[in-house]
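Take this structure, written in C-alpha cells, and hold onto it; I'll ask about it next.
The values are calculated or read from the model by the stated rules, or taken from the named source; none is laboratory data. What you see is a predicted model, and the numbers here were worked out from it, not measured in a lab. Heads up, the Cβs are rebuilt from the backbone with ideal geometry, glycines too, and the neighbour counts pull from every protein chain shown.
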Amino acid sequence: MGFSAPTGWNLRVLGYWQLRYDGVPVEVGARQQRLLAALALLHTQPRHVLAALLWPDSPERQSAGNLRASVFRISHELPRLLSATDPLQLDAAVRVDLHEVRDLITEITLTGGRTVPPESIDLLQEANLLPGWYEEWVIEQQDHLLNQRVDVLDALSRSYLAAGSFSRALGAARAGAVIDPLRESTQHLLVRCHLAENNYASAVQVYRNFRAHLGRELGLEPSAHFAELLGMEAAIVDSRLLERALKTS
C-alpha cells in the first residue's frame, strides 16, 4: 500500500504538507493549509471548535472571522475540497495519505498482519505526521500516530516470529525501533528476532546499544526484566541447538 492517486484532490500530511489536483501541486495559503490539515487529522468538526483550535489566542469574534475567510477562499479557489458548511469536513472524494495509513493500522490490528504486503513495514516506518508543525493539536496527533505505528509493528513482529518468518519479524522490529528507539518492548523483540536466527552476538549488541542510548537520553538503565529475559532466551536457544545437534549426531 502506498499513497498515490492520479486524479482529483490529494492531500498529503505525512512527511510534509502538500495538496495536489490531478497530480499537480496546488499553492495554498498558510491559514488554508492549517484548516485543511485540521480536517484531515480530526475529521468533521464544528466551526466554533475549529476556530478556537486554529486561533487559540484570538478573541472569539476574530477567530470566527478568520475561519469564515479561510472557508470562503477554499470554497471559491479550491472547489469540491469541502463538502459541508457546519460542521466542516473534507469532501469524501478527497484522498488523504494519513487515512490510508490509519486504515492499514486498523487492518493489521484486526488481522494480525496476515493480509498486508511486506512493503507495509516501510510505509509505517516513514509515516511521520507533519514534521516541523508544533501546535498542540498537531503534536497530540503526532504522538498518537507514532504510538499506533510502533504498536502495530510490534504486533507484526510477534506475528511473524510465531509463524517462523524471522527476517520479516526482524524487519518489523527494526522499523519500530527507528520510530521509537527508547521503547524497551521493541528492543526486546529485536533481541528475540536475533536469537530466533541463532545470532546471539547480535542480540547482545542490541541490548548494549539500547542500554547506552537510554543512559544518554534519559539517564536510565534497561529494566532488570529485560536483562533476565535476554539470558533466559539465550539459554532456550542454546538448548534447542544442543537438542538439534544430538538428533543429527
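Does D57 satisfy the criteria of being surrounded by fewer than 14 Cβ atoms within 10 Å (Cβ to Cβ), touching a residue at least 12 places away in the same chain (Cβ under 8 Å) and not β-branched (V, I, T)?
Spelling it out, it is not the case that D57 is surrounded by fewer than 14 Cβ atoms within 10 Å (Cβ to Cβ), touching a residue at least 12 places away in the same chain (Cβ under 8 Å) and not β-branched (V, I, T).
Something else now. Which one of L14, L67 is closer than 30 Å to S120 by Cβ and surrounded by 13 or more Cβ atoms within 10 Å (Cβ to Cβ)?
L14
Considering only region 186-199, I want to know if a residue exists there that is farther than 19 Å from R158 by Cα and either hydrophobic (A, V, I, L, M, F, W, C) or in a helix (DSSP H, G or I) (or both).
No, there is no match, as no residue in region 186-199 is farther than 19 Å from R158 by Cα and either hydrophobic (A, V, I, L, M, F, W, C) or in a helix (DSSP H, G or I) (or both).
Hey, any hits in region 120-134 for a residue that's in a helix (DSSP H, G or I), among the small types (G, A, S), in contact (Cβ under 8 Å) with a residue 24 or more places away in the chain and under 29 Å from A37 (Cα atoms)?
yes
Restricting to region 176-202, and then to whatever is at pLDDT 90 or above and of a type in the set (G, A, S), can you tell me which residue is surrounded by the most Cβ atoms within 10 Å (Cβ to Cβ)?
Looking at residues that are at pLDDT 90 or above and of a type in the set (G, A, S), I get G176.
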